[in-house]
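Worksheet for the structure shown next.
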Amino acid sequence: TKPPIRSFHRHHQLWTAMTPADFEAINRCDRPLPKNFNFAGDVLDQWSQKEKTGERPANPALWWVNGKGDEVKWSFRELSSLSKKAANVFTKSCGLQRGDRVIVILPRIPEWWLINVACMRTGLVFIPGTIQLTAKDILYRLQASKAKCIVISEEVAPVVESVLSECPNLKNKVLVSAHSWNGWLSFQELFQSASEEHSCVETGSQEPMAIYFTSGTTGFPKMAQHSQSSLGIGYALCGRYWLDLKSSDIIWNMSDTGWIKAAIGSVFSSWLHGACVFVHRMAQFDTDTFLNTLTTYPITHLCSAPTVYRMLVQKDLKRYKFKKLRHCLTGGEPLNPEVLEQWKEQTGLELYEGYGQTEVGIICANQKGQEIKPGSMGKGVLPYNVQVIDEKGNILPPGKEGDIAIRLKSTRPFCFFSEYVDNPEKTADTIRGDFYVTGDKGLMDRDGYFWFVGRADDVIISSGYRIGPFEVESALIEHPAVVESAVVSSPDPIRGEVVKAFVVLSAPYKSSNPEKLILELQDHVKKSTAPYKYPRKVEFVQELPKTITGKIKRNVLRDQEWGRI
Ligand code: BCO
């Protein structure tokens, strides 16, 4: 019989200590999932206790810099007390209640981490968004989620202002800024006067914790909902074996605050293992600043998209002496074996690729201690049972290409997303027989390593971003020059693939200067939807390939781009 998991009863708010080993045991299915779990109370406050008793090294929990000389360092104790104050801002000053949804669109500033933890403490559902979101994107997110509160920085204040009249559910608008704005609650002011006394809500393990908007082939982004335990406990083994983290480590995960990769690398895996999360607020990505940061700070772990490594290996890396770097990670898009080799040759460090998606987190990884096969995404990560299946849901033998899928029956992995909110059809569409289908094609070799082949649908994975063609086509059609368009992926040596738009022009624009018109259309898309989606390539065509029923055949254009026809 399995040993009973340590008591999870809480007496007078004294939260019993679960160790990282306990959480790892839950991921191995050696221990049951506790009924209640709260990452703030069960993990962060425990590290805070360990700091008091000297059981954790003296490195900070959060170390933030902005390259202009500003620096913030918080211990777990400070994180605990500051996030309790922030929790009171939301419950007392804003009157929000457990289960209410909060959209948070902030750049990489310390308040993002504080507000994230405050939402955990209060049971508020955290909905992050990248600051690249435009007015249309934000309106869609506010309406779809029925969020009661939005927290933003000055960068997006004007665009949010422009859509507020269409969001009747929104009760609170909170601005994180040194300046005050008419009609907005000032987070800083409320925070200053908030109490440090706060009792962490005893959330259920399966209670909603966060919602991520994620793009698909059709329609606007869906709301993938995660539970307290899927994010809070689900990355324990990933943190141990892929990230190889200990409490003395300092991890720099570059991902924007809007993506689940920020949650994995800059919140849950790292803090579960008591490591320090390093953040550099770079307004614009720049390889020199990036490399200098690694030579200046004692960063031990680096996690970045393959596109970043592709950009870095263009430089003479041997000129840089990284201070403490010992473990490098990548994910979000496929990594080419050449880049892995070049990185290793120039830095002496391996590159550990992980594979996953918003709905399921990390499901395959090259884990510490396992041989790395360049070009492979590594092996399945527990508790997931990852397989390659055929169209009928049968498991395919090693070497056979099919759909990468996760076994859901008879036991649904707890770290799996709960659903696409308000979209049972789309949730059901992901299930085939006993499996959840990722939408990616791949194969597994005889040694259990997975190899990525490509998307099974029209989704574009560019620089680590997941881009739905429909969203770009919808933006393009708003321009008077565009009669119709088809958006597909096109190969790119740095970004892996980029967005390419095939456009049929309206009569008045047929004689326009093509270079000027391309720039105009690109600029238009950047204003209509998040700029990372803009078509980096545009081709004007007389007509688009279509089926007899008039449906655009994106696959024909994509195959043409990739030289497959
Ligand atoms: O390259 P361009 O200059 O032509 O265009 C860039 C920006 O300049 C432009 N832009 C941004 N804000 C704008 C704007 N234009 C007009 N107005 C504005 N307000 O838009 C383009 C944005 O492209 P970008 O974000 O790729 O920029 P950049 O600087 O080239 O960054 C390169 C990377 C590699 C740093 C960036 O692409 C990146 O961070 N990629 C990683 C994304 C990521 O973290 N993905 C993980 C998702 S979670 C996941 O995959 C699940 C795995 C478990």
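Only one residue in 289, 358 is touching a residue at least 40 places away in the same chain (Cβ under 8 Å), closer than 23 Å to residue 417 by Cα and open to solvent by 10 Å² or more (accessible area, probe 1.4 Å), so which one is that?
358
Return the residues of the stretch 202-250 that are over 18 Å from residue 270 (Cα atoms), among the β-branched types (Val, Ile, Thr) and in a strand (DSSP E or B); say none if nothing qualifies.
Residues satisfying the conditions are 211, 214.
Surrounded by 24 or more Cβ atoms within 10 Å (Cβ to Cβ) and closer than 21 Å to residue 234 by Cβ: is that true of residue 61 in this structure?
Criteria met by residue 61.
Go through the stretch 185-200 residue by residue and tally those that are part of a loop (DSSP other than H, G, I, E, B) and surrounded by 19 or more Cβ atoms within 10 Å (Cβ to Cβ).
3
Within the stretch 353-378, can you find the residues that are of a type outside the set (A, V, I, L, M) and touching a Phe, Trp or Tyr at 6+ places or on another chain (Cβ under 6 Å)?
If the condition is that a residue be of a type outside the set (A, V, I, L, M) and touching a Phe, Trp or Tyr at 6+ places or on another chain (Cβ under 6 Å), then 354, 358, 359, 364, 366, 367, 368, 373, 376 are the ones that fit.
Anything in the stretch 552-565 that is closer than 12 Å to residue 485 by Cα and in a loop (DSSP other than H, G, I, E, B)? List them, or say none.
The answer is 553, and nothing else.
Looking for whichever is over 26 Å from residue 155 (Cα atoms), buried (at least 21 other Cβ atoms within 10 Å of the Cβ) and touching a Ser or Thr at 6+ places or on another chain (Cβ under 8 Å) here; the options are 75, 48, 80. Which one fits?
After ruling out the rest, the residue left standing is 80.
Check residue 156 against each of (1) out of contact with any Ser or Thr (no Cβ under 6 Å at 6 or more places or on another chain); (2) open to solvent by 20 Å² or more (accessible area, probe 1.4 Å); (3) β-branched (Val, Ile, Thr) and name the one condition it does not meet.
The single condition residue 156 does not satisfy is (2).
Do you know which residues across the stretch 503-558 are charged (D, E, K, R) and in contact with a helix residue (DSSP H, G or I) (Cβ under 7 Å, 6 or more places away or on another chain)?
Across the stretch 503-558, the qualifying residues are 533, 554.
Taking the options 265, 274, name whichever one is within 16 Å of the ligand (Cβ to nearest atom), buried (at least 24 other Cβ atoms within 10 Å of the Cβ), of a type in the set (Gly, Ala, Ser) and touching a residue at least 24 places away in the same chain (Cβ under 8 Å).
From the options 265, 274, the qualifying one is 265.
For the stretch 85-92, does any single residue satisfy the condition of being surrounded by fewer than 18 Cβ atoms within 10 Å (Cβ to Cβ) and farther than 25 Å from residue 278 by Cβ?
So far as the stretch 85-92 goes, yes, one or more of its residues are surrounded by fewer than 18 Cβ atoms within 10 Å (Cβ to Cβ) and farther than 25 Å from residue 278 by Cβ.
So residue 363 passes all but one of these: (1) open to solvent by less than 20 Å² (accessible area, probe 1.4 Å); (2) within 30 Å of residue 37 (Cβ to Cβ); (3) assigned to a loop (DSSP other than H, G, I, E, B). Which condition number does it fail?
(3)
Does residue 230 satisfy the condition of being touching a strand residue (DSSP E or B) at 6+ places or on another chain (Cβ under 6 Å), open to solvent by less than 10 Å² (accessible area, probe 1.4 Å) and modelled with pLDDT of 95 or more?
no
Does residue 350 fit the bill of being without any contact (Cβ under 8 Å) to a residue 24 or more places away in the chain and either within 16 Å of the ligand (Cβ to nearest atom) or open to solvent by 20 Å² or more (accessible area, probe 1.4 Å) (or both)?
yes
Take the residues in the stretch 305-318 that are within 13 Å of the ligand (Cβ to nearest atom), assigned to a helix (DSSP H, G or I) and of a type outside the set (S, T, N, Q); name whichever of them is most open to solvent (accessible area, probe 1.4 Å).
311
Among the residues of the stretch 241-262, count how many are over 18 Å from residue 360 (Cα atoms) and away from the ligand (no atom under 12 Å from the Cβ).
Within the stretch 241-262, residues that are over 18 Å from residue 360 (Cα atoms) and away from the ligand (no atom under 12 Å from the Cβ) number 9.
Taking the stretch 319-344, which residues are more than 16 Å from the ligand (Cβ to nearest atom), open to solvent by less than 40 Å² (accessible area, probe 1.4 Å) and either under 22 Å from residue 532 (Cα atoms) or without any contact (Cβ under 8 Å) to a residue 40 or more places away in the chain (or both)?
Passing the criteria: 320, 322, 325, 340.
The values are calculated or read from the model by the stated rules, or taken from the named source; none is laboratory data. Keep in mind the model is a prediction, meaning the values are calculated, not measured. Every residue, glycine as well, gets a Cβ built from its backbone with ideal geometry; the counts of neighbours run over all protein chains shown. Accessible surface is based on the protein model in full, side chains and every heavy atom, while ligands, DNA and RNA are left aside. Shrake-Rupley method; radii C 1.70, N 1.55, O 1.52, S 1.80 Å.
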